[in-house]
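In what follows, a structure is listed as structure tokens, so that the remarks can point back to it.
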Amino acid sequence: MGAVTFNILPVVKLSDAAATIVGDRPIFDFTVNDGRKQITSFGSGTITREIRYQAVPEEKDGLAVVKVDAGKPRQIEDSEYVDEWLIWEGGENSVYGVSYKRPAPVFTDIDKHWAKDSINFIAERGIIPENSGENISLTLDESQTSGGAFTLDAGMYFPDTPVVRGEFTASVVMLSGADTSGYESNRFEDIDDDVYAPFIEWAAAYGIVNGTGNGFFEPDGWITREQIAVMLMNYASVTKYRLTSEDKDVFLADFGEVSDWAAEAVRALVNKGVFDHIEKNKFEPQNLVTRGEAAYIIHRFSELVLDVVQRGWVQNRSGGWQYIDMFGRVASGWNVIDNDTYWFDNWNVMAAGKWVRIDGRFYYFYSDGTLAVNTVIEGFEINESGVRKEND
């Protein structure tokens with residue numbers, strides 16, 4: 001056995017799932033090599049490690065070490081933050097970093113509710129819109145066709161109250177992490193200063209929602225189970241997530257009651273297991289969906305559909321970096337990602353640590369893949385556009 005070497009290298013590229021909870025906090029690749037091979041596990045042994053991080057007061061209660069394996073993050077629950085150090089024990093070498101998971105709001109009305117875990121799941125991830133409004137319906141009367149925006153700062157979630165179309169749409173868009181800041185106008189006549197307006201417009205722009213007809217969306221209207229199925233199906237289609245499940249075909253005694261326009265979506269989501277809260281083999285497509293049920297459906301959709309496929313930065317089998325955007329498109333050619341410029345070759349692999357000739361001009365890309373500009377590399381001047389000036 002040769003000399004044992006320990007390496008701790010910063011990680012600059014993460015999958016979207018990991019980047020969401022790491023943010024700009026430190027994250028490192030911990031490796032150990034015994035001179036012949038890389039040691040990935042210490043077997044039954046453990047090692048204590050620490051990452052120094054100066055937390056701001058409001059995030060201290062939500063800090064945890066995160067392990068990222070093949071782009072998928074898993075927070076280490078027994079890690080602890082002490083005197084500006086995040087400390088944990090483990091027996092594996094991998095990518096570890098500082099992550100933050102916002103503490104779930106303490107809702108006083110969900111403690112014994114069957115959907116409590118799912119409500120906390122969406123709350124911790126900020127998937128509950130920060131909405132407000134005075135038109136709060138706490139009970140459902142047969143004559144009612146709509147509800148309104150909810151204010152949650154009273155410490156209640158109202159899990160058994162029907163969810164409204166605007167809020168569910170906003171939750172789906174927030175789940176995607178989409179930037180809705182540029183969606184100030186709206187195509188629907190009944191959406192003006194509505195709290196859900198930018199989310200609804202983003203979803204409409206990408207064909208995830210279509211409104212209720214005649215230029216209306218009815219953001220405060222109730223939403224049915226089959227309508228939710230179609231919305232999630234549209235989202236999966238737009239973002240290139242796989243919904244089909246060939247090895248499963250759930251029998252639904254009331255499938256004939258499903259609207260023709262929703263049949264494909266209902267079948268796909270039931271077979272996938274997103275809708276698994278089914279009694280007596282009945283889907284009940286026209287039933288309204290409560291806020292607790294909505295949280296459960298989003299939770300299932302996230303774990304069974306979204307978490308299966310990576311988005312963001314991923315490494316291929318050869319170690320090359322690729323980038324997959326939120327719509328499932330693999331980056332090629334020139335791309336600006338998080339305000340940095342990159343180049344991806346014909347195999348969709350990022351150029352890094354080398355000169356690349358593109359359209360007859362030479363460009364230099366640093367080891368992290370970013371384009372060099374306004375500098376000198378290997379004696380060559382590089383202008384503000386990244387083009388190398390040829391020496392005479």
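Does Ile208 satisfy the criteria of being open to solvent by less than 30 Å² (accessible area, probe 1.4 Å), assigned to a loop (DSSP other than H, G, I, E, B) and in contact (Cβ under 8 Å) with a residue 24 or more places away in the chain? Even if it seems obvious, please write down each step before you answer.
Details: open to solvent by less than 30 Å² (accessible area, probe 1.4 Å): yes; assigned to a loop (DSSP other than H, G, I, E, B): yes; in contact (Cβ under 8 Å) with a residue 24 or more places away in the chain: yes.
Yes; evaluated as a whole, the condition is true for this residue.
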Considering only segment 20-54, how many residues are out of contact with any strand residue (DSSP E or B) (no Cβ under 6 Å at 6 or more places or on another chain), modelled with pLDDT under 85 and within 27 Å of Ile337 (Cβ to Cβ)?
-> 1
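Select from segment 1-19 the residues that are out of contact with any strand residue (DSSP E or B) (no Cβ under 8 Å at 6 or more places or on another chain) and open to solvent by 90 Å² or more (accessible area, probe 1.4 Å) and write down the one among them that is modelled with the lowest pLDDT.
Looking at residues that are out of contact with any strand residue (DSSP E or B) (no Cβ under 8 Å at 6 or more places or on another chain) and open to solvent by 90 Å² or more (accessible area, probe 1.4 Å), I get Met1.
Only strands (runs of 3 or more DSSP E) wholly contained in segment 1-117 count here; list those with 1 or more residues that are under 30 Å from Pro159 (Cα atoms) and touching a Gly at 6+ places or on another chain (Cβ under 9 Å).
Details: elements: 5-10, 27-33, 47-52, 63-69, 72-76, 80-82, 85-90, 95-100.
Correct list: 72-76, 95-100.
Check whether at least one residue in segment 148-161 is open to solvent by 20 Å² or more (accessible area, probe 1.4 Å), of a type in the set (Ser, Thr, Tyr), modelled with pLDDT under 85 and more than 25 Å from the chain's Cα centre (by Cα), and report yes or no. Reasoning before the result, please.
Of segment 148-161, the ones open to solvent by 20 Å² or more (accessible area, probe 1.4 Å) are 151-154, 156, 158, 160.
From what is left, the residues that are of a type in the set (Ser, Thr, Tyr) are 151.
Pick out the ones that are also modelled with pLDDT under 85 and you get 151.
Retained after the next criterion (residues that are more than 25 Å from the chain's Cα centre (by Cα)): none.
No, every residue in segment 148-161 fails to be open to solvent by 20 Å² or more (accessible area, probe 1.4 Å), of a type in the set (Ser, Thr, Tyr), modelled with pLDDT under 85 and more than 25 Å from the chain's Cα centre (by Cα).
Quick check on my filter: what residues within segment 242-260 are surrounded by 13 or more Cβ atoms within 10 Å (Cβ to Cβ), more than 25 Å from the chain's Cα centre (by Cα) and not aromatic (Phe, Trp, Tyr)? First the steps, then the outcome.
To start, the set of residues in segment 242-260 that are surrounded by 13 or more Cβ atoms within 10 Å (Cβ to Cβ) comprises 243, 245, 250, 252, 254-255, 257-259.
Next, from what is left, pick out any that are more than 25 Å from the chain's Cα centre (by Cα): 250, 252, 254-255, 257-259.
Matches in segment 242-260: Val250, Leu252, Asp254, Glu257, Val258, Ser259.
Could you grab me the full set of residues in segment 328-350 that are acidic (Asp, Glu) and either at pLDDT 95 or above or at positive phi (or both)? I'd like the intermediate steps shown before the answer.
At the first step, the residues of segment 328-350 found to be acidic (Asp, Glu) are 338, 340, 345.
Answer for segment 328-350, where residues must be acidic (Asp, Glu) and either at pLDDT 95 or above or at positive phi (or both): just Asp338.
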Taking segment 187-199, which residues are crowded, with 19+ Cβ neighbours inside 10 Å and either modelled with pLDDT under 90 or hydroxyl-bearing (Ser, Thr, Tyr) (or both)?
-> Ile191, Asp194, Tyr196
Of all residues in segment 360-386, which are under 16 Å from Gly333 (Cβ atoms), part of a loop (DSSP other than H, G, I, E, B) and without any contact (Cβ under 8 Å) to a residue 40 or more places away in the chain?
-> Gly360, Thr370, Ser385
Set Asn287, Asn271: member being out of contact with any strand residue (DSSP E or B) (no Cβ under 9 Å at 6 or more places or on another chain) and either without any contact (Cβ under 8 Å) to a residue 12 or more places away in the chain or not small (Gly, Ala, Ser) (or both) | Asn271
Scan Gln286, Gln310 and give me the residue that is at pLDDT 85 or above and polar (S, T, N, Q).
-> Gln286
Checked pairs for segment 114-128, first within 12 Å of Arg102 (Cβ to Cβ), second open to solvent by 50 Å² or more (accessible area, probe 1.4 Å) and in a helix (DSSP H, G or I), C-beta under 7 Å and 6 or more apart or across chains, list as Gly126/Met174; Ile127/Met174
Single residue of segment 28-74 satisfying the filter (in contact (Cβ under 8 Å) with a residue 60 or more places away in the chain and farther than 22 Å from Arg317 by Cβ) that is most open to solvent (accessible area, probe 1.4 Å) = Phe28
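Between Val172, Val230, which is over 19 Å from the mean Cα position of the chain (by Cα), assigned to a helix (DSSP H, G or I), of a type in the set (Val, Ile, Thr) and buried (at least 19 other Cβ atoms within 10 Å of the Cβ)?
Details: Val172 fails: over 19 Å from the mean Cα position of the chain (by Cα).
None of the other options fit; the residue is Val230.
The values are calculated or read from the model by the stated rules, or taken from the named source; none is laboratory data. What you see is a predicted model; the values in this text were computed from it and never measured. Every residue, glycine among them, receives a Cβ derived from its backbone with ideal geometry; neighbour counts consider all protein chains shown. With ligands, DNA and RNA removed, areas are computed over all heavy atoms of the protein, side chains included. Shrake-Rupley method; radii C 1.70, N 1.55, O 1.52, S 1.80 Å.
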